[in-house]
């Protein structure tokens, strides 16, 4: 008997799995403000902004002069990433398994897509952080310890303060070893526990120094060194994605069902100054 399902239902289910797994691509780290209606890879999203407005001193009964002519600029986010999955479930295997093989295969497909998108967004952040917003360098990474890891979070916060980054909603994505250092500091242990009435963000492990701390194994690094620990606000990066096609079919010469899907996405750092980075090695 042929496997039957409603494609739009499965597509929504797959995207939901992606949202639950993403760290860098979740809405707490990257906004979806310009996602719009993506249909195929290669679409572009135009992001417009206007220049500053002049502020002047007013004198009574004195004309204020001609108005400013507003200037505008735009940035383009290209939806140019295309990833697919394609798997086959044999009827014999499905009949002999106690678990739903198809459900598990779909879950694993979603996880792999998440991993690819997450890594891509992190790489864009890595390339976009301004030099003045970095602590340490690739040539000379900082080696934080349990005594000062928390203090480096404070320093990242200062860099964002100086860039006029909003206070509410800041994040910092750390590797597991850096989170381990924080757990040895009472300043994090005492203040870092998430409030019980607050829904946890994906990957969130606590709060410290004005940040929601998130843990990820996709923190960019160079062969296990020079980890780029990003702090910032969701206004810095925008992300857009779409499952544009999802199909099930029966291969002509096999007994069973195959499923294939196409995921397209793109991201752009639109406000680099709202990102800061600690380049760090394990001590």
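The values are calculated or read from the model by the stated rules, or taken from the named source; none is laboratory data. No experiment lies behind these values; they were computed from the predicted model shown. All Cβ positions, glycine included, derive from the backbone under ideal geometry; neighbour counts span all protein chains shown.
Taking the range 103-121 as the range and being under 12 Å from residue 259 (Cα atoms) and buried (at least 18 other Cβ atoms within 10 Å of the Cβ) as the test, the residues that pass are 106, 109.
Only residues that are touching a helix residue (DSSP H, G or I) at 6+ places or on another chain (Cβ under 8 Å), under 19 Å from residue 110 (Cα atoms) and at pLDDT 90 or above were counted in the range 247-263, giving 4. Exactly one residue out of 229, 235, 243 is under 30 Å from residue 75 (Cβ atoms) and at pLDDT below 95: that is 243.
For the range 53-90, filtering for residues that are touching a residue at least 24 places away in the same chain (Cβ under 8 Å) and exposed (fewer than 10 other Cβ atoms within 10 Å of the Cβ) leaves 3. Among the residues of the range 121-137, are any part of a helix (DSSP H, G or I) and at pLDDT below 95? No, the conditions are met nowhere in the range 121-137.
In the range 242-266, of all residues being in contact with a strand residue (DSSP E or B) (Cβ under 7 Å, 6 or more places away or on another chain) and free of Cβ contacts under 8 Å to residues at least 40 places away in the same chain, the one that is surrounded by the most Cβ atoms within 10 Å (Cβ to Cβ) corresponds to 245.
Listed by first and then second residue, the pairs linking a residue in the range 267-278 that is in contact (Cβ under 8 Å) with a residue 40 or more places away in the chain and at positive phi to a residue that is crowded, with 22+ Cβ neighbours inside 10 Å and in a helix (DSSP H, G or I), with Cβ atoms under 7 Å apart and 6 or more places separating them unless they lie on different chains, form an empty list. Only one of the numbered conditions (1) in a strand (DSSP E or B); (2) surrounded by 10 or more Cβ atoms within 10 Å (Cβ to Cβ); (3) modelled with pLDDT under 85 is not met by residue 94, and that is (1). Screening 20, 112 for residues that are under 19 Å from the mean Cα position of the chain (by Cα), at pLDDT 75 or above and either under 30 Å from residue 242 (Cα atoms) or not in a helix (DSSP H, G or I) (or both) leaves exactly one candidate, 112. When restricted to residues that are in contact (Cβ under 8 Å) with a residue 12 or more places away in the chain, part of a helix (DSSP H, G or I) and surrounded by 12 or more Cβ atoms within 10 Å (Cβ to Cβ), the range 138-176 contains 10. Pairing residues of the range 220-241 that are at positive phi and outside any strand (DSSP E or B) with residues that are crowded, with 23+ Cβ neighbours inside 10 Å and at pLDDT 95 or above, at Cβ distances under 6 Å and at least 6 apart in sequence or on separate chains, gives 226/279.
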